[in-house]
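The next block holds one structure in the form of structure tokens; read it before the comments.
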Amino acid sequence: MTIKRCVICVSAPLTLATSIAFAQGSPVLEEIVVTAQKRAENLQDVPISVSTIAGDRMLESGIRMLEDVTTYVPNFSMHQTGIANAITVRGIGSGVNQGFEQSVGLYVDDVYYGRGQLARLPLFDLERVEVARGPQPVLFGRNSIAGAVGIATAKPTRDFEGSVSALYEPDAGEENVNFALSGPLGDRVAARLAVLGSDFDGYFTNVYLNRKEEQRRDSAARASLAWDPTDRIAITAKLEHSEFDTVGRNYEMVDSIALPGGIDYISALTRTVTLYNGAVGVGLAPPPPIPYKPDDGLLNYVKSSGDDRQTTSVDNATLTIDYAIADHTLTFVTGYVEYDFYQLCDCDFVSAPIIDGSESTEGFRQTSQEVRFASPAKSRLEYLVGMYLQTSVLTYDDKINLPPDGVLRAFNPALTHIDTRRAFHQDENMAALFGQVKWTLSDAVSLTLGGRYTDESKSASRAQVHYIAGVPVPPTDPTGVTPNYLWSVNPLFGAFLIEPYAPIRGKRDESRFTPSVTVEWRAADSAMLYARYVTGFKAGGFDVRSNGNPDPAVVNALNLRTTPPTNIVGVFEYKDEEARSFELGAKTTVAHGRASVNVALYDTDYKDLQTSVFDGTLGFNVANASRATVRGIELDSRWAAGERLALSASVGLLDFKFDDFKVAQCYFNDPRPVTGPGTCDATGDRKENTPKWTAALIVDYIYALQGNLIFKARPEVVYSDSYIWSPTLDPVATQSAVTRINLRLALGGTKERWEVALLGRNLTDERVSTFGGNATLAAALTNGTGNAYYTFVDRPRSWALQGTYRFGAR
């Protein structure tokens, strides 16, 4: 067999946008090719619920981040949280802890990107993005217990070509430039260079710091090389560097509320600051005064908060070798990825300094090697076997800081010049063997069996050290007689349930076999029905952020919030979580190739979900503390309605239920049964960010004008049912159902050399909250009678001008 390069020979259009091909004047749907099963296959032949978006369509729609993709893919979401990024499929994702692997595996050019920070990578010069929903235990495997996102970058071409695209949006100061150049360097060598530059001033006004937020500055460059030394060998190499920095974040304080006869949070905070500053003015309290500008508490893109900053630098390299052995293919994929992340966090979300100046750094290095051996496609016995190896190192350090001008001095003058610092280190090794065999039993029926055996080992350490005025305080009194947790020595020890301790260490080894079974029935040439049963797991690990030593015998700090004070006990190790999923689906092409309708019904049980359990004060402890059942329907359809008109639609139904979750964080005035300090029973509740219905409709209209001009119009209608956006499941934190309308109007040449477009996004100007939580110290400041919420908010209405020019072969 000869290796032939064909980087998706037909385009894969936006999930909800239809490309049309013409055969003897009759419009038909263009084939969509996906690689969700490690082979290039027609989407209609793949027995998985999968959506795909072409790189060209992403560029046209101004999509440059993974969270922008979620608008168009049913039951798929990504959003920022207070200290991390969260990706979910069908409502399942990883919680907020840097020790978690992602439940939705991210794969870039077949290389696993398992850390949440990598989900913020800018998207540019891509072939496509694929989202496979449901557990993917065999061919992806690596912790992909909820689903997998595959990103394929554009490859070098044998013909000289290139493009430059620029976008400008005045209201938020958005400026994006994409450049790509590709072509041959010889008879058997081709290269490609792609560059991205992006500036974004933000759509929030921070009245305290007098600036726009969230400001983003992204830059990235990618060089790739394709070399065919012989007809049987194809080699592709890629190097990429990305930097993305932010100043401020897209959140604000909302819904400052109080019980009858109580006081709301913003009023209580204002009163506390006013009283203390008045006392400073007459010499009754130590200076300096507390700086503060009250938030208005309205969802209006106006905020009053302290400084937030993030910087991230990512380097990655990939080497892929395809070697033809007779009619089989042997593939080697070698990957390396590393990143460094820094965050300065205003973790109290208001202008008054409470725990301002808190910092964290995260470093990650990963090397991986995958080997696959694949039989010819479309044979009666089709198989793929492989091996995967990975090593990685993770480091994380953070500091919780009580600033010298902070609010907590109003409660105790000693609550100043104090910080606590945590250090975490983890080494990981992983090996897996996997295989999948498809046996065509008859012209109509086939059976696919797959399995993956995974062995993982992790070793980790974590330490917590308290500082007073920059001087470290030993965990216990030097005499070993009196523990150093007394309020007079360091009030931070017991006030926030943060226990200092020398490094603790652990090692974890686990192995698991995850099988899958799929039956396909070709009911007709244009209709395929399938039934799929899979199991999945996500590896256990070590808690990065727990605030206490897990050993009850270690008493370095006491919980001063109880009477009498009790020992603080944290968490270090947690175990894996499991999933069992059953899916029925149909892939159909109707109306003589002019339309397709794909539907999937799924039922998945999750056991021992890795959950961040509130400790009652400031922190969270990881525990396998919940079980859930996820059921629903996903439907995607396309219709070539005419020579000028195409329509696409998608609908997602999601039913999420916690079967057992007795340690959920309580919310303000919570009527649910209390199960512990700060925890309540959420059994039977629905998870946050799980709207019952999501839907989208996209219309593509093309019209030929005089003078070799083409006019294109693409209106989009995107709907989301209501959902709760806080992990506390507080009904106050409810986002109502919204319908957003986007519009793209473009004018270009018939040869598609150039195009000018006007992009309108969220034209209905919906205000959409995606995540949030309780205000810091709300219970303390209001004596339990009031609350307020911080919430991250999507972008309001915007209009942008976009221009694209393509040169070279078309």
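Computed quantities for the displayed model
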| quantity | calculated |
| --- | --- |
| Options SER144, SER224, SER163, SER198: the member that is open to solvent by less than 20 Å² (accessible area, probe 1.4 Å), in contact (Cβ under 8 Å) with a residue 24 or more places away in the chain, of a type in the set (S, T, N, Q) and more than 28 Å from THR361 (Cα to Cα) | SER224 |
| Residues (open to solvent by less than 30 Å² (accessible area, probe 1.4 Å) and outside any strand (DSSP E or B)) located in the stretch 313-349 | ASP346, ASP348, PHE349 |
| Failed condition for LYS657, given (1) open to solvent by 40 Å² or more (accessible area, probe 1.4 Å); (2) closer than 30 Å to ALA788 by Cβ; (3) touching an Asp or Glu at 6+ places or on another chain (Cβ under 7 Å) | (3) |
| Unique residue being open to solvent by less than 30 Å² (accessible area, probe 1.4 Å), hydroxyl-bearing (Ser, Thr, Tyr), in contact (Cβ under 8 Å) with a residue 40 or more places away in the chain and over 30 Å from SER526 (Cα atoms) when the list is THR52, THR81 | THR81 |
| Among residues of the stretch 768-795, those that are at negative phi, surrounded by 18 or more Cβ atoms within 10 Å (Cβ to Cβ) and not in a strand (DSSP E or B), counted | 9 |
| In the stretch 372-418, the residues that are assigned to a strand (DSSP E or B) and modelled with pLDDT under 90 | ILE400, ASN401, LEU402, ILE418 |
| Wholly within the stretch 50-118, strands (runs of 3 or more DSSP E) carrying at least 2 residues that are aromatic (Phe, Trp, Tyr) | 111-113 |
| Subset of the stretch 426-476 (residues that are open to solvent by 30 Å² or more (accessible area, probe 1.4 Å), part of a strand (DSSP E or B) and within 30 Å of ALA377 (Cα to Cα)) | ALA431, LEU433, GLN436, VAL437, LYS438, TRP439, THR440, VAL445, LEU447, LEU449, TYR453, ASP455 |
| All positions within the stretch 551-602 that are of a type outside the set (A, V, I, L, M), open to solvent by less than 50 Å² (accessible area, probe 1.4 Å) and under 30 Å from ILE32 (Cα atoms) | SER581, GLU583, GLY585, LYS587, THR588, THR589, GLY593, SER596, ASN598, TYR602 |
| Residues that are open to solvent by 10 Å² or more (accessible area, probe 1.4 Å) and either charged (D, E, K, R) or outside any strand (DSSP E or B) (or both), drawn from the stretch 166-186 | PRO170, ASP171, GLY173, GLU175, LEU185, GLY186 |
| Given (1) in contact (Cβ under 8 Å) with a residue 40 or more places away in the chain; (2) assigned to a strand (DSSP E or B); (3) closer than 29 Å to LEU319 by Cα; (4) not hydroxyl-bearing (Ser, Thr, Tyr), index of the condition ARG365 fails | (1) |
| Residue satisfying all of: in the stretch 96-139; of a type in the set (Val, Ile, Thr) and closer than 24 Å to MET387 by Cβ; farthest from the chain's Cα centre (by Cα) among these | VAL138 |
| Residue that is farthest from the chain's Cα centre (by Cα) [pool: residues in the stretch 653-673 that are among the aliphatic types (A, V, I, L, M) and at pLDDT 95 or above] | LEU653 |
| Sole residue being within 25 Å of the chain's Cα centre (by Cα), over 19 Å from ALA221 (Cα atoms) and of a type outside the set (S, T, N, Q), chosen from ARG142, ARG158 | ARG142 |
| Residues located in the stretch 256-297, provided they are of a type in the set (Gly, Ala, Ser) and either touching a residue at least 24 places away in the same chain (Cβ under 8 Å) or under 23 Å from TYR790 (Cβ atoms) (or both) | SER256, ALA258, GLY261, GLY262, SER267, ALA268, ALA285, GLY297 |
| Residue that is open to solvent by 60 Å² or more (accessible area, probe 1.4 Å), closer than 20 Å to ILE355 by Cβ, out of contact with any Pro (no Cβ under 9 Å at 6 or more places or on another chain) and not acidic (Asp, Glu), where the choices are PRO294, PRO286 | PRO294 |
| Pairs with Cβ under 6 Å, 6+ apart, first in the stretch 486-507 and open to solvent by 10 Å² or more (accessible area, probe 1.4 Å), second modelled with pLDDT under 85 and polar (S, T, N, Q) | PHE496/THR617; LEU497/ASN559; LEU497/THR617 |
| Residue, farthest from ASP187 (Cα to Cα), within the stretch 147-157, restricted to residues that are in contact with a Gly (Cβ under 8 Å, 6 or more places away or on another chain) and either open to solvent by 50 Å² or more (accessible area, probe 1.4 Å) or part of a loop (DSSP other than H, G, I, E, B) (or both) | ALA154 |
| Every residue from the stretch 529-550 that is open to solvent by 20 Å² or more (accessible area, probe 1.4 Å) and either touching a Ser or Thr at 6+ places or on another chain (Cβ under 6 Å) or part of a strand (DSSP E or B) (or both) | LEU529, ALA531, ARG532, TYR533 |
| Checklist (1) part of a strand (DSSP E or B); (2) polar (S, T, N, Q); (3) more than 21 Å from the chain's Cα centre (by Cα) applied to THR764, failing item | (1) |
| Subset of the stretch 513-528 that is among the β-branched types (Val, Ile, Thr) and more than 28 Å from the chain's Cα centre (by Cα) - its residue that is least open to solvent (accessible area, probe 1.4 Å) | THR518 |
| Residues within the stretch 618-628 that are open to solvent by less than 10 Å² (accessible area, probe 1.4 Å) and over 25 Å from ASP348 (Cα atoms), tallied | 2 |
| Top-ranked residue in the stretch 206-219 [being open to solvent by less than 10 Å² (accessible area, probe 1.4 Å) and in a strand (DSSP E or B); ranked as nearest to ALA180 (Cα to Cα)] | GLU213 |
| Some residue of the stretch 663-679 being touching a Pro at 6+ places or on another chain (Cβ under 7 Å), surrounded by 16 or more Cβ atoms within 10 Å (Cβ to Cβ) and touching a residue at least 12 places away in the same chain (Cβ under 8 Å) | yes |
| Filter result for the condition that a residue is open to solvent by 30 Å² or more (accessible area, probe 1.4 Å), β-branched (Val, Ile, Thr), at pLDDT below 80 and in a strand (DSSP E or B), over VAL7, VAL28 | VAL28 |
| Which listed residue, of THR274, THR205, THR270, is hydroxyl-bearing (Ser, Thr, Tyr) and either modelled with pLDDT under 95 or touching a Lys or Arg at 6+ places or on another chain (Cβ under 8 Å) (or both) | THR205 |
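Here's the yes/no breakdown for (1) touching a residue at least 40 places away in the same chain (Cβ under 8 Å); (2) part of a loop (DSSP other than H, G, I, E, B); (3) open to solvent by less than 10 Å² (accessible area, probe 1.4 Å):
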residue: SER726; (1), (2), (3): yes, yes, yes
residue: ARG740; (1), (2), (3): yes, no, no
residue: LEU743; (1), (2), (3): no, no, no
residue: ALA746; (1), (2), (3): yes, no, yes
residue: GLU752; (1), (2), (3): yes, yes, no
residue: ALA757; (1), (2), (3): yes, no, yes
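The values are calculated or read from the model by the stated rules, or taken from the named source; none is laboratory data. As the structure is a prediction and not an experimental result, all values here were calculated from the model. Using ideal geometry, Cβ is built from the backbone for each residue, glycine included, and neighbour counts are taken over all protein chains shown. Note: accessible area is taken over every heavy atom of the protein model, side chains too, but ligands, DNA and RNA are not part of it. Shrake-Rupley method; radii C 1.70, N 1.55, O 1.52, S 1.80 Å.
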